[in-house]
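A.B. asks: Take a look at the following structure, please.
The values are calculated or read from the model by the stated rules, or taken from the named source; none is laboratory data. Everything numeric here is computed off the predicted structure, so don't read it as measured data. Accessible surface is based on the protein model in full, side chains and every heavy atom, while ligands, DNA and RNA are left aside. Shrake-Rupley method; radii C 1.70, N 1.55, O 1.52, S 1.80 Å.
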Amino acid sequence: VQLQASGGGLVQAGGSLRLSCAASGRTFSSYDIGWFRQAPGKEREFVAATSWDYGSTYYADSVKGRSTISRDNAKNTVYLQMNSLKPEDTAVYYCAVGRVPYNRYAHVASYDYWGQGTLVTVSS
């Protein structure tokens with residue numbers, strides 16, 4: 001599975017962005033999908049995930065209430081809508097897919113395929 005993330009950019013605090021992740025090479029309807037981010041000098045951290053079976057969604061506390069993950073299996077695309085952005089949301093955002101064990105959605109090692117990342121910069 002090849003993943004292509006897009007939609008990042010420079011936005012002022014309080015603004016919104018919608019990130020997209022398009023998959024090719026294999027349909028991802030049977031994969032769980034996650035979004036992670038990595039700020040300079042920090043470890044990659046979980047942002048959000050959605051399961052392939054029931055479409056359950058999971059969010060990090062830091063983005064809960066401000067972000068929505070969704071998927072369009074017909075388009076092989078997953079989205080991350082982010083609102084009320086804060087400077088601390090600045091990071092490279094990565095999408096990833098895999099068959100994730102239950103309750104392991106926040107773990108980097110649970111995912112098999114990763115996109116190249118898209119940079120989100122939030123100015124104060």
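A.B. asks: How high is the relative contact order of the chain, given as a whole-number percent (alpha carbon pairs under 8 Å, six or more residues apart)?
C.D. replies: Averaging sequence separation for qualifying contacts and normalising by length gives 36 percent for the chain.
A.B. asks: Still on this model: Once neighbouring chains are kept in place and the probe is 1.4 Å, which whole percent of the accessible area of the chain is contributed by carbon and sulfur?
C.D. replies: Carbon and sulfur atoms account for 47 percent of the accessible area of the chain.
A.B. asks: Under the rule of at least 5 residues apart or a separate chain, name every residue whose amide H is placed under 5 Å from the amide H of residue 117.
C.D. replies: Residues meeting the amide H criterion: 5, 95.
A.B. asks: Accessible area per residue of the stretch 14-124 at 1.4 Å probe, in Å²?
C.D. replies: I get 50 Å² per residue for the stretch 14-124.
A.B. asks: OK, next. In whole Hz, with x marking every Gly and Pro, tabulate ³J(HN,Hα) for the stretch 81-97 from phi via Karplus 6.51 cos²θ - 1.76 cosθ + 1.60, θ = phi - 60°.
C.D. replies: Those phi angles translate into 8, 10, 10, 6, 5, 10, x, 6, 7, 4, 4, 8, 9, 10, 9, 8, 10 Hz.
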